[in-house]
Amino acid sequence: MNSSRQQTKQPDALVADVLPPLKLAHPFTYQLPGEQEVHEGAFVRVPLGPRQEIGVVWSVRKRRADDPARLKPIAEVFDFPPMPTWRRRFIEWVADYYVATPGLVLKLFLGSRDALRTPKTRTGWRAVMTPDEAAVAGHRMTEQRRRVLALALERPLPAAELAERAGVSRSVVQGLADAGLLTPEPLPAEEEWPAWPGDMAATRPALTPEQERAAAALARRVEEGGFSVSLLDGVTGSGKTEVYFEAMAAALARGNQVLLLLPEIALTGGFIRRVAARFGVTPAEWHSDVGPAQRARVFRGVAEGRVRVVVAARSGLFLPWRNLGLVVVDEEHESAYKQESGVPYQGRDTAVMLGRQANVPVILASATPSLESLVNAERGRYHHVRLTERFGPARLPDITLIDLKKERPEPRSWISPPLTQAATETLSRGEQVLFFLNRRGYAPLTICRACGHRLQCPHCATWMVQHRALAGAGEMLLCHHCGHAMPLPSICPECGAQERLAPVGPGVERLAEEAARRWPDARIIALSSDLLQGAALKKAMADIAEGACDIIVGTQLVAKGHHFPNLTLVGVIDADLALETADPRAGERTWQLLAQVSGRAGRGARPGRALIQTHLPEVPLMRALAACDREAFIVQEKAARRAAGMPPYGRLAAIIVSGRDEEAVRAFCMDMARARPASRLVLALGPAPAPIERLRGRWRWRFLLKGPRNADLQGYIRAWLRPLRPPASVTLEIDIDPYNFL
Ligand code: ADP
Ligand code: ZN
């Protein structure tokens, strides 16, 4: 009866090593269940201590002498396609590269646990006669009953859906079923995925010769099959999307699946519409805002190969691909691809690794490629595919710098006289203006006019940001790092002065106020992630594209991806903001952001221009920007990075030590510093208090590791940390290829 006892007697018996999605280093060994066959990669349920956990069978092997004498059996094998070997190797690679445990990485790959269970079959209800016929037959027919019957005439629907769509309670549906007017019919367990056309040529747009060449180069990579990376490097509005759609068409024609990655959820809606318009089929959507039922449906559909195209945020990398044929990473330069919590992975880099493991082509698309990708193209590791012209009559905007030292805005305003004049002209022609300021809220700082006290977050070493336009909140202070919120006090907490707390500097809300003062007749919309989200944001974007407003005041939310045909003037309020950080990529980021936001202008028939306000018009970056001379900027940036040994010429990693007990954090950092291994290649700098020294109540210190490209930073970190035992109150975070230096 008890198979476990039998197995312990058989030295040749097979056992399974199962990896649970937990922060544990290694798989656990289990006995195979008696009756069912278990394949490597199978999703299973196993007992783990007092609990049950989901896991993946990492290997099935012969029992060894050092295995525990008694093994628990696997409790359940899910009826779900097993994880192929390449995906298990992919998990191991991510774990190894980012110095995380495989269990924690596996967690990323279990985007829907519900999907592992076969969905229950559903019952639909179909009307057996029309409402009029029912009335003639002597049934009592209310308006509500009529609506239900009319809906259920066309096709059977689940009771809940029927009630919802008819706007009635479930009891009305039940009453009709009891009266025999609705009859049950089995429904497929889930809504089916649409089929993709075999021939995608019918809906193909006519491409320009330059686009045609680029599309052919990308489609060739797909047809050749195998791993490759192409950098699709094309100016804003050159039709990169149309061009990589051709590579997608090639992959779809071969029966393969396509992953299209975007850096932000706000962009997915527009891309889903564009894919649907090009191919006539709506793709699946995958990101953190997708609800659990839909997640399960997508996850299963991808595993079974029925979902052919997924438009996704970076977590789409970890879907259970059945026959992936192409990975596209749009806006590849975006730092939003970097995950900052849990396993801090770089989505673009991990996409390249996905392509390598799955042995499929990868396309990285951008108007402002990352220096990393440009250097890879230069070294011949990536194919470089370029688009140099905007599509149609659209031309690239003229960029002009405004020297804020000479052209000073009036007190408590931020739009300089030349920008004001340009905006007035643009508005008078009935065209749209975008004022770009990468700062949420009303004012970044609130200061006491009596004593100079600045309002700081009680949990973080940061200033509280003043907000005025958040729904129903009135004047309030918000910490952008921990979310701590409080009403704006009327008394200074330091000196007690009444009504002397004043906002300093602008955020988008305050800038919108200035715009309303200057152009009282203009329709103005302020856009930032905390003012509009989800469906409201998608609608606002669509409204803007249709010309429903004259002035857009926005953060980086509006800087990329969107297509506003009537927008012809972009005014950058403060180009120097991103330069003031300790980030080695500060110059590159500023370049990308300013080039992208300038590129919002003149995408339609009328020419566009960008006016950029800066205190630093003489620095090479600004000069190159005004001259539209990307090459000049890149040459200079590469030289600076090479001289400093910074990526892509050198490698970086960070270790962040944090805890609520300041002394414990400091003391452990000192222990770490003493235990620092000697190395010829790796330089471990620090410890130093982080620029944000306190975050969410935790004190933070940093080490920065630096080495040449061939340095094994991960090996160094493992050797360093292995003998160390941080106290329970202290947390270590390892950040390989860091993008955040705060
Ligand atoms: P990018 O991604 O390079 O910024 P898009 O692919 O968004 O550029 O193209 C910009 C605009 O031009 C879009 O509205 C797109 O539909 C249109 N467009 C580009 N190429 C073509 C083409 N060959 N035929 C029709 N419309 C095109
Ligand atoms: Zn805070």
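Side notes on the structure shown:
- Strands (runs of 3 or more DSSP E) wholly inside segment 256-331 containing at least 1 residues that are in contact with a helix residue (DSSP H, G or I) (Cβ under 9 Å, 6 or more places away or on another chain) and open to solvent by 10 Å² or more (accessible area, probe 1.4 Å): 284-286, 324-330
- If the condition is being open to solvent by 60 Å² or more (accessible area, probe 1.4 Å) and under 11 Å from Leu71 (Cβ atoms), then segment 15-38 contributes only Phe28.
- Taking segment 610-653 as the range and being in a helix (DSSP H, G or I), among the hydrophobic types (A, V, I, L, M, F, W, C) and over 21 Å from Glu580 (Cα atoms) as the test, the residues that pass are Ala632, Val635.
- Pro691 meets the conditions (1) open to solvent by 40 Å² or more (accessible area, probe 1.4 Å); (2) within 16 Å of ligand 2 (Cβ to nearest atom); (3) over 30 Å from Gln714 (Cβ atoms) in every case but one. The failed one is (3).
- Residues satisfying the stated conditions in segment 661-675, i.e. touching a strand residue (DSSP E or B) at 6+ places or on another chain (Cβ under 8 Å) and either β-branched (Val, Ile, Thr) or surrounded by 14 or more Cβ atoms within 10 Å (Cβ to Cβ) (or both): Asp661, Glu662, Val665, Arg666, Phe668, Cys669, Met672
- Looking only at segment 41-67, residues that are assigned to a loop (DSSP other than H, G, I, E, B), at pLDDT below 95 and touching a strand residue (DSSP E or B) at 6+ places or on another chain (Cβ under 7 Å) come to 2 in all.
Each row is one residue, and each column tells you yes or no for (1) more than 20 Å from Trp321 (Cβ to Cβ); (2) under 21 Å from the mean Cα position of the chain (by Cα); (3) free of Cβ contacts under 8 Å to residues at least 12 places away in the same chain.
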| position | (1), (2), (3) |
| --- | --- |
| Val94 | no, yes, no |
| Val99 | yes, no, no |
| Pro102 | no, no, no |
| Gly111 | no, yes, no |
| Val128 | yes, no, no |
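- Subset of segment 68-83 [assigned to a loop (DSSP other than H, G, I, E, B) and either among the hydrophobic types (A, V, I, L, M, F, W, C) or closer than 20 Å to Asp114 by Cα (or both)]: Ala69, Leu71, Ile74, Ala75, Phe78, Asp79, Phe80, Pro81, Pro82, Met83
- Take the conditions (1) basic (Lys, Arg); (2) without any contact (Cβ under 8 Å) to a residue 40 or more places away in the chain; (3) over 26 Å from Met541 (Cβ atoms); Arg274 misses just one of them, which is (3).
- The set of residues in segment 702-735 being open to solvent by 40 Å² or more (accessible area, probe 1.4 Å), within 27 Å of Cys460 (Cα to Cα) and assigned to a strand (DSSP E or B) consists of Leu704, Thr731, Leu732, Glu733.
- Test result for Cys457, touching a Lys or Arg at 6+ places or on another chain (Cβ under 8 Å) and not assigned by TED's automatic domain parsing to the domain that holds Trp699: no
- Scan of segment 221-237 for residues that are out of contact with any helix residue (DSSP H, G or I) (no Cβ under 9 Å at 6 or more places or on another chain), more than 22 Å from Gly602 (Cα to Cα) and either within 16 Å of ligand 1 (Cβ to nearest atom) or open to solvent by 30 Å² or more (accessible area, probe 1.4 Å) (or both), ordered by number: Glu224
- Any pair with Cβ under 7 angstrom, 6 or more apart, that starts in segment 332-345 at a residue that is of a type in the set (Gly, Ala, Ser) and ends at one that is part of a loop (DSSP other than H, G, I, E, B): Ser335/Tyr739; Ala336/Pro263; Ala336/Glu264
- Note on segment 59-104: among residues that are within 30 Å of Pro738 (Cα to Cα) and hydroxyl-bearing (Ser, Thr, Tyr), the one that is most open to solvent (accessible area, probe 1.4 Å) is Thr85.
- Which listed residue is surrounded by fewer than 18 Cβ atoms within 10 Å (Cβ to Cβ) and part of a loop (DSSP other than H, G, I, E, B), from Leu742, Leu685: Leu742
- Test: residue in segment 198-205 that is within 16 Å of ligand 1 (Cβ to nearest atom), under 24 Å from Ala601 (Cα atoms) and not polar (S, T, N, Q): yes
- Residues of segment 654-682 that turn out to be among the charged types (D, E, K, R) and in a helix (DSSP H, G or I), as a count: 5
- Residue match in segment 592-602 (condition: open to solvent by 20 Å² or more (accessible area, probe 1.4 Å), outside the structural domain of Asp233 (by TED's automatic domain parsing) and more than 28 Å from the chain's Cα centre (by Cα)): no
- Scope segment 461-512; condition in contact with a Lys or Arg (Cβ under 9 Å, 6 or more places away or on another chain) and either of a type in the set (Ser, Thr, Tyr) or within 16 Å of ligand 1 (Cβ to nearest atom) (or both); matching residues: Thr462
- Per-region count, segment 411-434, residues surrounded by fewer than 22 Cβ atoms within 10 Å (Cβ to Cβ) and touching a Ser or Thr at 6+ places or on another chain (Cβ under 6 Å): 1
- Condition check for Ala134: outside any loop (DSSP other than H, G, I, E, B) and crowded, with 16+ Cβ neighbours inside 10 Å: yes
- Single unsatisfied condition, Ala247 versus (1) within 14 Å of ligand 1 (Cβ to nearest atom); (2) among the small types (Gly, Ala, Ser); (3) farther than 28 Å from Asn359 by Cβ: (3)
- Being surrounded by fewer than 21 Cβ atoms within 10 Å (Cβ to Cβ), among the small types (Gly, Ala, Ser) and touching a Lys or Arg at 6+ places or on another chain (Cβ under 8 Å) holds for only one residue in Ala559, Ala548, and it is Ala548.
- Restricting segment 435-452 to residues that are within 15 Å of Ser490 (Cα to Cα) and open to solvent by 50 Å² or more (accessible area, probe 1.4 Å), the residue that is nearest to ligand 1 (Cβ to nearest atom): Arg449
- Test: residue in segment 364-372 that is open to solvent by 20 Å² or more (accessible area, probe 1.4 Å) and either farther than 28 Å from Arg585 by Cα or at pLDDT 95 or above (or both): yes
- Segment 502-528, residues that are touching a helix residue (DSSP H, G or I) at 6+ places or on another chain (Cβ under 6 Å), open to solvent by 20 Å² or more (accessible area, probe 1.4 Å) and modelled with pLDDT under 95: Ala526
- Test: Arg449 is out of contact with any Phe, Trp or Tyr (no Cβ under 9 Å at 6 or more places or on another chain), in contact (Cβ under 8 Å) with a residue 24 or more places away in the chain and within 16 Å of ligand 2 (Cβ to nearest atom): no
The values are calculated or read from the model by the stated rules, or taken from the named source; none is laboratory data. All of these numbers come straight from a predicted model, not from anything done at the bench. Backbone-built Cβ (ideal geometry, glycine too); neighbour counts: all protein chains shown. All accessible areas refer to the heavy atoms of the entire protein, side chains included, with ligands and DNA or RNA removed. Shrake-Rupley method; radii C 1.70, N 1.55, O 1.52, S 1.80 Å.
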